[in-house]
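Please read the structure below before turning to the comments.
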Amino acid sequence: METFKLENEPKIKTGFKTPDSYFDDFSAKVLGQINEKEIKVIPIYKRKEVIAMFVAAVIVIALMIPIVNNYTKSKELDEATLETYLSYQSNINQYDLIRELDTKDIEAINKNVVLEQETLEDVLSSSPNIENLISE
Amino acid sequence: MTDEKEFIAQLLNPKTQNAAFQILLSQYQKPLYSHIRNIVLNHDDADDVLQNTFVKVFQYLKNFKGESKLFSWMYRIATNEALTFLSQKAKLNGLTSEALQNKTIDNLKADTYFDGDEIQIKLQKALVTLPEKQQLVFKMKYFEELKYEEISEILGTSVGALKASYHHAVKKIELYVTSN
C-alpha cells in the first residue's frame, strides 16, 4: 500500500458548505437575539433588586432590635426612682399608702419592726425629744 | 493597535455601538463560522454556536481589557463555545465525545451542506483519533491557514509546542489514512 503523505497531496478542503445567503442575514439574526436577551435580563435583575431590598430591610430591623429594647427598658421604673417620686413629687400621703396595704404587707412590716431591746434603748436614749415621744 | 483601541471604544459607546458591532459581525462571521464548523462539523450546530459566540462577545465586550487582540479573544470565545457545545451534546446523547464525532462524520455523507468525497471523510475520521489539542491545532493550521503566532495567542500555547503538536497530528493522520 502506498504511504499517504499530506504534503504530497493537493490541499484537502474541508468540504463544508453553508446555505446560500446564510451570511447575508446572519447579523440581523444575532442582533435580534441580543435584543431578546437584553429584555429577558430585566426580570432577573429586578428579582435581584427585590432580594437585595429584602436583605437590607432584615439588616435594618436586626440593627434596630437593641435600640427598641433599650427604649422599652428605660420606660420601666426602678424601685428607687419610684420611691423618690412617691415621697417627694406626688401628693399621696402616708395614709393613702397605709390604706393600700393588705394583711400580707402588714405582716411583712411587723417582722421588720422587731428590734433588739438594746437597739431600742439606744435609739430612745440618743433621741433628744424622747420626752415628747413618751408623753405621746 | 490604536485603530483597534478606537474600534473597541466605538463598540462600547452606546451611540456607535450598533454600527461598530455590524462591522465586527461582517469581519468575523465567516472566519469564526469556519473555525466553529471545523469543530462541531455540521451546519446547524455551527449556526447555533456562532450565534451564541457573538451574543457572548457582545455581552462581555465591556469586560474586554485589551490585553489580547480582539481577534484572538473572539476566537477563544468561539473555541470554548464549540467545545462546550460538543461535550454537552455528547452528554445529552449518552455518548463519549469521540463516539459523537464519529456519528456526526457518518452523517456528513448525507448532509446537504457537505460537499466532500472519501478523502475528506477519511481525514475527519483520522482527526477524531487525535487528542483534542492536536485536532484543534491541525484544523487551525491546515484548514483555516492561521499563523502559528495567531494560534499561539488564541490557545495560549507556545509556538514551539504548537509546531510539535501539528507535526504529531500530521504523522498520526498519515498513518491512519495509509492503514485504512
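Restricting the stretch B:113-129 to residues that are part of a loop (DSSP other than H, G, I, E, B) and more than 7 Å from every other protein chain (Cβ to nearest Cβ), the residue that is surrounded by the most Cβ atoms within 10 Å (Cβ to Cβ) is B:T129. Just one of the listed residues (B:E153, B:E132, B:E149) is within 16 Å of B:I39 (Cβ to Cβ), within 18 Å of the chain's Cα centre (by Cα) and more than 14 Å from chain A (Cβ to nearest Cβ), namely B:E132. Candidates B:E144, B:E98, B:E149: the one that is more than 26 Å from B:I8 (Cβ to Cβ), of a type in the set (D, E, K, R) and out of contact with any strand residue (DSSP E or B) (no Cβ under 9 Å at 6 or more places or on another chain) is B:E98. Residues that are surrounded by 20 or more Cβ atoms within 10 Å (Cβ to Cβ), in contact with a Leu (Cβ under 8 Å, 6 or more places away or on another chain) and at pLDDT 90 or above: does the stretch B:54-65 have at least one? Yes.
So, B:A82, is that one of a type in the set (G, A, S), in contact (Cβ under 8 Å) with a residue 24 or more places away in the chain and within 30 Å of A:E2 (Cβ to Cβ) or not? No: the conditions fail for B:A82.
Determine whether the stretch B:161-170 contains at least one residue that is on the phi < 0 side of the Ramachandran plot, surrounded by 15 or more Cβ atoms within 10 Å (Cβ to Cβ) and in contact (Cβ under 8 Å) with a residue 60 or more places away in the chain. No, the stretch B:161-170 contains no residue that is on the phi < 0 side of the Ramachandran plot, surrounded by 15 or more Cβ atoms within 10 Å (Cβ to Cβ) and in contact (Cβ under 8 Å) with a residue 60 or more places away in the chain. For the stretch B:22-34, the count of residues that are of a type in the set (K, R) and away from every other protein chain (no Cβ under 13 Å) is zero.
Taking every residue in the stretch A:12-32 that is more than 7 Å from every other protein chain (Cβ to nearest Cβ) and pairing it with any residue that is among the aliphatic types (A, V, I, L, M), at least 6 positions away or on another chain, the pairs with Cβ-Cβ distances below 9 Å are A:L31/B:L25. One residue stands out among those in the stretch A:1-59 that are part of a loop (DSSP other than H, G, I, E, B) and of a type in the set (A, V, I, L, M, F, W, C): the one that is modelled with the highest pLDDT, which is A:F23.
Return yes when B:S26 is in a helix (DSSP H, G or I) and outside the structural domain of B:F143 (by TED's automatic domain parsing) and no when it is not. Taking the combined requirement at face value, the residue satisfies it.
The values are calculated or read from the model by the stated rules, or taken from the named source; none is laboratory data. Because the structure is predicted, anything quoted here is derived from the model rather than measured. Ideal geometry is used to build each Cβ from the backbone, glycine not excepted, and the neighbour counts take in all protein chains shown.
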